[in-house]
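The values are calculated or read from the model by the stated rules, or taken from the named source; none is laboratory data. On a predicted model such as this, the values are computed, not experimentally measured, just so you know. Cβ placement follows ideal geometry from the backbone for every residue including glycine, while neighbour counts extend to all protein chains displayed.
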Amino acid sequence: MRDLVVGVGDGAVSRDPDAVLVTYALGSCVAVMLHDPVAHVAGMVHYMLPDSTESTPDLNGRSCKFADTAIPFLVRAALAHGADKRRIMVSAAGGAQIMSDNSIFNIGKRNCLALRKALWKFGLVAHAEDTGGTAIRTVRLEVGSGRVWLQSPGGKQWEMNPRGRVSATPVGMPMALNIMIVDDSPVMRVFLRKVVQLAGLPVGEYCEAGDGEAALKTLREHWVDLVLTDINMPRMNGEEFVRQLESDELLRDIPVIVVSTDSSHGRKEHLLKLCAR
């Protein structure tokens, strides 16, 4: 097998069954891997930061430095090589906290949240992850088999579990999502849980809050992949809650779905501009 090295801020897609896509020394950066087992297409990106809008334009034109540009590049390149989105298996590694836990930047965690947001826009979620912690990782993706191998600086090597962090999730199903439901009505929260179940989303844990203020407190203490929120609530309503999310560097990348009985066109347009999701 021959190695195809993916550098920092770069990406590659291959159909060569003898190739291995490899990226080295992931710290707070994240490597995202795609594999279609039928079309035998595999791809990898190594991005550094969550959001391209927070940085100055890249004179070298490298779109893979940021999660919000790297992941769209990877998905579209894989589809152009013959992959089918319905068959694509997604895995990710990296996002380590390489500075003090008191660091105000939290780049590793923000990169992991940005991963979910970018995948969500394509209707994808990660099937397996080895993210967070403090470990530096080197990652290899076998194009032919789709197997993902990780290695630590000390030489320890292990294969990424295709079942993700949730052992009960069958192979081929995405790893479970942690979902927050924000509504002041307990009955409505139960109803939204039922809607999520009927939609077939794989859920790991539910978090609930009766208003935006309580939701923000929970979000700063727990990992959440998706938020469903009402608008009309006491203390902090849904609009202010979304504004607070958008202004928070750590929470702004969490996908939000607004659920409300207010169906006026003007309100919908206002909320779409507010959320920009």
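Contact map, segment 214-229: first residue more than 19 Å from residue 133 (Cβ to Cβ) and without any contact (Cβ under 8 Å) to a residue 12 or more places away in the chain, second residue in a strand (DSSP E or B) and among the small types (Gly, Ala, Ser), Cβ cut-off under 9 Å, separation 6 or more or different chains; pairs are 217/209.
Remark: residue 201 falls outside the filter, which requires a residue to be in contact with a helix residue (DSSP H, G or I) (Cβ under 7 Å, 6 or more places away or on another chain) and at pLDDT below 85. Selection of segment 135-166 for residues being exposed (fewer than 15 other Cβ atoms within 10 Å of the Cβ) and modelled with pLDDT under 85 yields 154, 155, 165.
The C-beta contact set for segment 71-90 (first residue under 25 Å from residue 52 (Cα atoms) and in the same structural domain as residue 48 (by TED's automatic domain parsing), second residue assigned to a loop (DSSP other than H, G, I, E, B) and basic (Lys, Arg), distance under 9 angstrom, 6+ apart or interchain) comprises 71/121; 72/121; 75/85; 78/85; 79/85. Take the conditions touching a Ser or Thr at 6+ places or on another chain (Cβ under 9 Å), assigned by TED's automatic domain parsing to the domain that holds residue 118 and surrounded by fewer than 19 Cβ atoms within 10 Å (Cβ to Cβ) and apply them to residue 7. Does it pass? Here the answer is yes, as residue 7 does meet what is asked. Kindly check whether there is at least one residue in segment 261-275 that is touching a Ser or Thr at 6+ places or on another chain (Cβ under 7 Å) and either at pLDDT 85 or above or surrounded by 13 or more Cβ atoms within 10 Å (Cβ to Cβ) (or both). Checked segment 261-275: no residue is touching a Ser or Thr at 6+ places or on another chain (Cβ under 7 Å) and either at pLDDT 85 or above or surrounded by 13 or more Cβ atoms within 10 Å (Cβ to Cβ) (or both). Assigned by TED's automatic domain parsing to the domain that holds residue 11, in contact with a Leu (Cβ under 7 Å, 6 or more places away or on another chain) and not in a strand (DSSP E or B), is that true of residue 139? Here the answer is no, as residue 139 does not meet what is asked.
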